[in-house]
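Notes follow the structure.
The values are calculated or read from the model by the stated rules, or taken from the named source; none is laboratory data. Only a predicted model underlies this, so the values are computations on that prediction, with no experimental measurement involved. With ideal geometry, Cβ positions are generated from the backbone for all residues, glycine too; neighbour counts draw on all protein chains shown. Surface areas here come from the heavy atoms of the whole protein model, side chains and all, with no ligands, DNA or RNA. Shrake-Rupley method; radii C 1.70, N 1.55, O 1.52, S 1.80 Å.
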Amino acid sequence: MRLALARLAISLSVALPVSSAATIVHVAPAGRDTGNGSRERPFATLARAQSAVRELKKTSSEPISVELAAGTYAFTTPLILTAEDSGRPEAPITYAAAPGAVVRLTGSVALQPVWRPGRNGILQTAIPPGLVFDQLFVNGTRQIRARFPNFDAASPLRGGPGYVQIADGTNRRPDSWFSYDPATFSPRPWSDPTTGIVHGFQSHNWGNLQYRVAGVDRAQHRLLLGEGGWQLQRAQGLGRARDAASPIYVENILEELDAPGEWFLDAKASTLYWLPPAGVAAATARLEAVVRKNLIEVRGTAAAPVRHLAFR
């Protein structure tokens with residue numbers, strides 16, 4: 001189960017200058033992978049540059065730099081670097097932005113919404129069937145999945161109003177339920193609670209757990225929990241300890257979509273719901289759904305480590 005897909009911005013600073021004698025492989029958003037990697041005929045993808053570097057290493061004793069021109073590079077699959085991509089002490093391999101260039105690596109896909117109005121200002125649009133994501137960016141700003149309690153940017157931590165304390169629980173991983181105080185919990189009926197995900201702190205408040213919601217027992221004031229709880233190693237789960245109880249919030253429930261900037265994806269119906277923030281024009285907004293967990297993976301082993309490889 002993947003509860004959170006990461007949108008990664010890689011900015012690893014290293015103290016390795018690009019040697020003036022380095023061989024430079026050029027990559028540009030407007031390039032072509034049928035080019036030759038020169039400044040005049042750059043490649044379009046890092047994957048193509050990677051294969052070119054592997055070939056260059058066979059005959060070159062110089063450092064090699066893959067230089068990215070300004071712009072956005074979308075990853076459909078991760079760039080996987082292994083020992084085969086290693087440099088040598090006298091000839092390191094560097095992946096870097098061109099001097100002064102702003103380079104953006106993204107694992108998202110652009111959406112082309114056709115909005116229809118819904119309740120209370122909420123918009124909805126069809127999305128391609130099978131597209132599933134749990135992060136949405138609008139004009140480069142991350143939106144909040146519909147949640148209870150609502151996110152509070154001024155006080156986002158577990159002691160703030162964006163969390164509610166449970167009443168009681170098993171306090172033993174994997175938890176199967178916790179009880180809530182109906183005076184402080186959401187009174188809204190949830191048509192499909194199984195879309196929800198609980199984010200909660202373990203009873204001693206030193207670690208965070210996630211569970212899929214299995215159901216709601218309104219009579220006993222219980223939230224029933226499904227898969228999850230394996231994010232920590234110790235035995236304690238959601239419950240009470242040290243005169244305090246686990247703070248939690250629940251996200252990805254359609255009926256909790258009530259704050260500007262919140263969104264909900266009905267994956268079964270391939271429908272996206274969104275409440276635009278103030279000042280954002282939905283008709284012209286740029287929507288991106290994050291679909292890649294990783295952008296770059298460096299895979300070494302004890303027998304074949306990755307060496308002398310840098311990102312700038």
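The residue that is farthest from Phe148 (Cα to Cα), counting only those in the range 200-215 that are buried (at least 22 other Cβ atoms within 10 Å of the Cβ) and of a type outside the set (S, T, N, Q), is Leu209. Scanning the range 243-295 for residues that are among the basic types (Lys, Arg) and touching a Ser or Thr at 6+ places or on another chain (Cβ under 9 Å), we see that the one that is most open to solvent (accessible area, probe 1.4 Å) is Lys268. Screening Ala83, Ala153 for residues that are under 21 Å from Arg48 (Cα atoms) and either acidic (Asp, Glu) or open to solvent by 30 Å² or more (accessible area, probe 1.4 Å) (or both) leaves exactly one candidate, Ala83.
Based on this model, can you work out whether Leu238 counts as open to solvent by less than 20 Å² (accessible area, probe 1.4 Å), over 28 Å from Phe75 (Cα atoms) and either assigned to a loop (DSSP other than H, G, I, E, B) or in contact (Cβ under 8 Å) with a residue 60 or more places away in the chain (or both)? In short, yes.
Look at the range 157-171: where a residue is part of a strand (DSSP E or B) and a partner is among the polar types (S, T, N, Q), sitting 6+ places away or on another chain with Cβ atoms under 8 Å, you get Val164/Thr184; Gln165/Thr184; Gln165/Ser246; Asp168/Ser179; Gly169/Ser179; Gly169/Ser203; Gly169/Ser246.
Whenever a residue of the range 200-223 is under 12 Å from Ser179 (Cα atoms) and part of a loop (DSSP other than H, G, I, E, B), its partners that are open to solvent by less than 50 Å² (accessible area, probe 1.4 Å) and not aliphatic (A, V, I, L, M), lying with C-beta atoms within less than 6 angstrom and at least six residues away or across chains, give the pairs His221/Ser179; His221/Tyr180.
One residue stands out among those in the range 117-134 that are out of contact with any Leu (no Cβ under 7 Å at 6 or more places or on another chain) and not in a loop (DSSP other than H, G, I, E, B): the one that is least open to solvent (accessible area, probe 1.4 Å), which is Leu123. Give the number of residues within the range 55-80 that are part of a strand (DSSP E or B), small (Gly, Ala, Ser) and open to solvent by less than 60 Å² (accessible area, probe 1.4 Å). Residues meeting the conditions: 2.
Within the range 140-152, being modelled with pLDDT of 95 or more and in a loop (DSSP other than H, G, I, E, B) holds for Gln143, Ala146, Pro149, Asn150, Phe151, Asp152.
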